[in-house]
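Read the figures in this text as sums done on the coordinates, not as results from a lab. Treat the numbers as computed from the prediction; the structure is a model and nothing was measured. Cβ: placed from backbone, ideal geometry, glycine included. Neighbour counts: every protein chain shown.
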Amino acid sequence: MELQLEGKRAAVAAASAGLGLATARALAAEGVRVAICGRDADRVERAAAGLGHGAVPLVADVSTPDGATAFVDRARDALGGVDILVANAGGPPAGTFATTPLSAYLPALQLNLLSVVAMCQAAVPAMREQRWGRVLAITSVSVRQPIPNLILSNTARAGVTGFLKTLALEVAADGVTVNSVQPGLHATDRLKALHGGDTSAAAATIPARVVGDPADFGAVCAFLCSPHARFITGAAIPVEGGAYLGLQ
C-alpha cells in the first residue's frame, strides 16, 4: 500500500535505537523527512546516517518537559515544520509499591507523561492551524495489563494514555489524529542483551511464540501516521503477539 507520506516532516523522539528507530526507519522509507533524537551524539548520528533520506540527528534528552519541548522546537527549525510527532522515551526504573519511594514518582511522570504533554504542546498548535497532523505515542502493553515490578511505568503510561485520549477528542475536527501504540516484547537490542542474545524464553511467553520484529512495529506506526488512518483517533493499539489476555 502506498502510504501517501512523501514530503511529510516527522519528529521521532528517542529514536537512536529500538522501536523509535524502527518507526523512524519505516517513515523515512515512505519519503518522510525525519528528525530523530537521542542523548548520545555518536549514536544518534549513526542512526540518522543509517536512515538516509536526509534524516536529521539531534542530541536531546526528552526525560524532562524542557528537554522534550526543545527537541520539537529544534526539529521544527531543521525540517521547516512538524507534521508528525512520534512521542517516545525509555522506561523508569523497575520496582514494586513496597520498594519504590514517593520521590521516584515525579521523575517517572516527567519521563513518560509530562514529556509527552510538552511535545504535544510544542507540536499540535501548528498541526491544527494547517488542518493536518499526526501524533503517535509509543507506550506499553502494561497500560492494559500491568507488568509486575514496573509500578512506575505502569502508572505513568496509563496517565499518558488518558491525556492522549482527551487530546484526540479536542483536535479531531482539525484533521489531527492522536493515537498510541502499545508494544509487547520485540527483538530490540535491549531485549536481546537482557536474554544473552537468545530470546526463545521470551518468545515462549507469547501466544504467537515469537518476539516481535521491530520492522513490523514500525510499519504499524507508519500506517497510523498516514492519510489512510484519518478515521483512527483516540485509539490505544496493542502490538504484542496476543500477550494481552483481556477482551478490550
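Residue farthest toward the positive end of the dipole of the range 9-237, with Cβ of Lys/Arg at +1 and Asp/Glu at -1: which of ALA22, LEU106, GLN145?
Positive-end residue among those listed: GLN145.
Find how much the distance from GLU6 to ILE237 grows on full extension, using 0.36 nm per residue of separation minus their present alpha carbon separation; answer in nm with one decimal.
Result for the pair: 80.7 nm of gain on full extension.
Relative to the first principal axis of the alpha-carbon coordinates of the chain, what is the inclination of helix 214-224, with its axis defined by its Cα atoms, in degrees from 0 to 90 and to the nearest 10?
50 degrees
Sticking with the crude label model, points 7 Å out along Cα→Cβ, report the distance from GLN130 to GLU170 in nm, one decimal please.
2.1 nm
So if a site counts as exposed when it's one of the chymotrypsin sites (Phe, Trp or Tyr not before Pro), its DSSP state isn't H, G, I, E or B, and it has at most 10 other Cβ atoms within 10 Å, what's the longest stretch of the chain without one?
The segment 98-230 is the longest one with no such site.
Order 4-12, 111-119, 142-150 from most to least packed using the mean count of other Cβ atoms within 10 Å.
The peptides rank, most packed first, as 111-119, 4-12, 142-150.
Only Cα pairs under 8 Å and at least 6 apart count here; give the relative contact order of the range 1-78 as a rounded whole percent.
This gives 27 percent for the range 1-78.
On a 0 to 90° scale, report how tilted helix 151-171 is relative to the longest principal axis of the chain, with both axes built from alpha carbons and the result rounded to the nearest 10.
30 degrees
Output the relative contact order of the range 9-237, whole-number percent, from Cα pairs under 8 angstrom with separation of 6+ residues.
Relative contact order here is 20 percent.
Pop the C-beta distance of ASP198 and PHE97 into the FRET formula with R0 = 30 Å and round what comes out to the nearest 0.05.
After rounding to 0.05, the efficiency reads 0.40.
Once fully extended, how much extra length lies between LEU247 and ASP40, figured as 0.36 nm per residue of separation less the alpha-carbon to alpha-carbon distance?
Result: 70.5 nm gained on full extension.
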